[in-house]
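These notes concern the structure reproduced below.
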Amino acid sequence: MPRKFDPETLYAAHGKYHNAVEVGPGERLVFSSGIIGCLPDGSLPPTAEAQMAQAWKNVGAFLEGCGMGPENLVRLKMHLTSADMIAVSKAARIAALGEHMNAAVTGVIVELFDPDLVIEIDVVAAGPAV
């Protein structure tokens, strides 16, 4: 199980994340490709908010498909196409994953590979070797 750190000698996290996460020996690591807000049929939800919520549901589905849960998260890297969506992304993350914290970074970018996408999430998770 990942071990989480917030060293007293380092600034406090600016949100719901830890400054560092350690993976122990013998644990398996799973890296996602970018997870986007497509519905299971491959279509995009009609609004940016619905797409954001679906992207976070897809992170949960990714973890479940790997035999893991939110407690196995090591790192999240979020790419948003608008700073206006930061609060929406945070709320959708908490709705999908609960209060589980990990190492995380959020950046606002100009555009994703499909200009209709509003979010892409990179996930690293760790769990017992299988």
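Summary table
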| quantity | calculated |
| --- | --- |
| Filtered residue count, the range 33-67, keeping only those that are within 23 Å of residue 125 (Cβ to Cβ) and among the polar types (S, T, N, Q) | 4 |
| Selection status of residue 88, assigned to a loop (DSSP other than H, G, I, E, B), at pLDDT 90 or above, among the β-branched types (Val, Ile, Thr) and on the phi < 0 side of the Ramachandran plot | no |
| Total residues in the range 41-65, condition of a type outside the set (Gly, Ala, Ser), over 12 Å from the mean Cα position of the chain (by Cα) and within 25 Å of residue 130 (Cβ to Cβ) | 1 |
| Criterion violated by residue 91 - all others in (1) under 15 Å from residue 54 (Cβ atoms); (2) in contact (Cβ under 8 Å) with a residue 24 or more places away in the chain satisfied | (2) |
| Output for the range 93-126, where each listed residue is at pLDDT below 90 and open to solvent by less than 20 Å² (accessible area, probe 1.4 Å) | 97, 102, 103 |
| Residue list for the range 27-79, restricted to those being in a helix (DSSP H, G or I), without any contact (Cβ under 8 Å) to a residue 24 or more places away in the chain and open to solvent by 50 Å² or more (accessible area, probe 1.4 Å) | 61, 64, 65 |
| Matching residues in the range 91-109 - criterion: being under 22 Å from residue 31 (Cβ atoms) and assigned to a helix (DSSP H, G or I) | 92, 93, 96, 97 |
| Whichever residue in the range 1-18 is touching a strand residue (DSSP E or B) at 6+ places or on another chain (Cβ under 6 Å) and open to solvent by less than 70 Å² (accessible area, probe 1.4 Å) and, among such residues, is modelled with the highest pLDDT | 2 |
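The values are calculated or read from the model by the stated rules, or taken from the named source; none is laboratory data. Note that this is a predicted model, so its numbers are computed, not measured. Positions of Cβ are backbone-derived with ideal geometry, glycine not excepted, and every protein chain shown enters the neighbour counts. Accessible surface is based on the protein model in full, side chains and every heavy atom, while ligands, DNA and RNA are left aside. Shrake-Rupley method; radii C 1.70, N 1.55, O 1.52, S 1.80 Å.
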